[in-house]
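Shown next, in structure tokens, is the structure this report addresses.
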Amino acid sequence: MQYVTDDDGRLFDPGTRAALEEVGGGDVLPLLEAAAAVRSAAAAIEHLRSAGTGGRGLSAGGFDLLLRLRAGGDGGLPLGELAQALGVTPRNVTGLVDTLEREGLVRRVPDPADRRSVRAVATAEGLAWLDAFRAPTRAAMAAVFAGFDPAEASQLRDLCLRLVLGVRGVRER
């Protein structure tokens, strides 16, 4: 894919622009192009993340769940709380925990405060996997964002999270 710069010096994909002009164009073209660029960036980062999982095949959801469990401490987190934190359904979290449990990265434990609730806890192997993943991830992200200063990285984060909020608003209508 060959990117070029527009009159403002900003990158764009001529092929994507031409295709989007066919389906909508006009004053929404910049929005359609931005959405396409976000999808391309997310796919590229996901591909990089997936390649870095050391052949373990850990999904993005499984990786995020394991990170949340590490941050949650030794007692783990209730599955419902994990679903809410990850923005997914309880059923989805159950499937993620099932997969990570088969991999030996997570285990279920009863919730001492609520007999009806189950908590997920990262195992020693899960924590070790995260530790091993840390150095290559830091190196990859440093390379990916080498052309960004801290303010630009912060602005990108803000813009992406504002997109998430916009999508939530559309869903809630």
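Read-outs throughout are calculated quantities, based only on the coordinates presented, and are distinct from any laboratory measurement. Just so it is clear, the structure is predicted and the values come from calculations on it, not from any experiment. Methodologically, a virtual Cβ is constructed for each residue, glycine included, from the backbone with ideal geometry; neighbour enumeration extends over all protein chains shown.
Multiply the residue gap between Arg116 and Ala132 by 0.36 nm, knock off their C-alpha separation, and tell me the result in nm, one decimal place. Before the final figure, lay out the partial values.
Values: separation 16, 0.36 × 16 = 5.76 nm, distance 3.46 nm.
Here the segment from Arg116 to Ala132 would lengthen by 2.3 nm.
Relative contact order for the chain using alpha-carbon pairs under 8 Å, separation at least 6, rounded to a whole percent?
On the way: 130 pairs, mean separation 24.2, N = 173.
Normalised by residue count, the contact order of the chain is 14 percent.
If a/c stays under 1.5 just call it rounded; otherwise compare a/b with b/c (prolate if a/b is bigger, oblate if not). Do that for segment 87-173, with a ≥ b ≥ c from the square roots of the Cα gyration tensor eigenvalues.
Details: a/c = 3.05, a/b = 1.34, b/c = 2.27.
Cα axes put segment 87-173 in the oblate bin.
Say R0 is 45 Å: what FRET efficiency, to the nearest 0.05, do Ala44 and Ala124 get from their beta-carbon distance?
Values: r = 33 Å, r/R0 = 0.73.
Rounded to the nearest 0.05, the efficiency is 0.85.
Want the number for Arg168 to Arg91: 0.36 nm per residue separation, take away the alpha-carbon distance, what's left? Show your work: numbers first, answer last.
Working: separation 77, 0.36 × 77 = 27.72 nm, distance 1.96 nm.
Computed gain between Arg168 and Arg91 is 25.8 nm.
Taking square-rooted eigenvalues a ≥ b ≥ c of the alpha carbon gyration tensor, is segment 1-51 rounded, prolate or oblate, where a/c under 1.5 means rounded and, failing that, a/b exceeding b/c means prolate? Write down the numbers at each step before the final one.
Numbers: a/c = 2.37, a/b = 1.68, b/c = 1.41.
Cα axes put segment 1-51 in the prolate bin.
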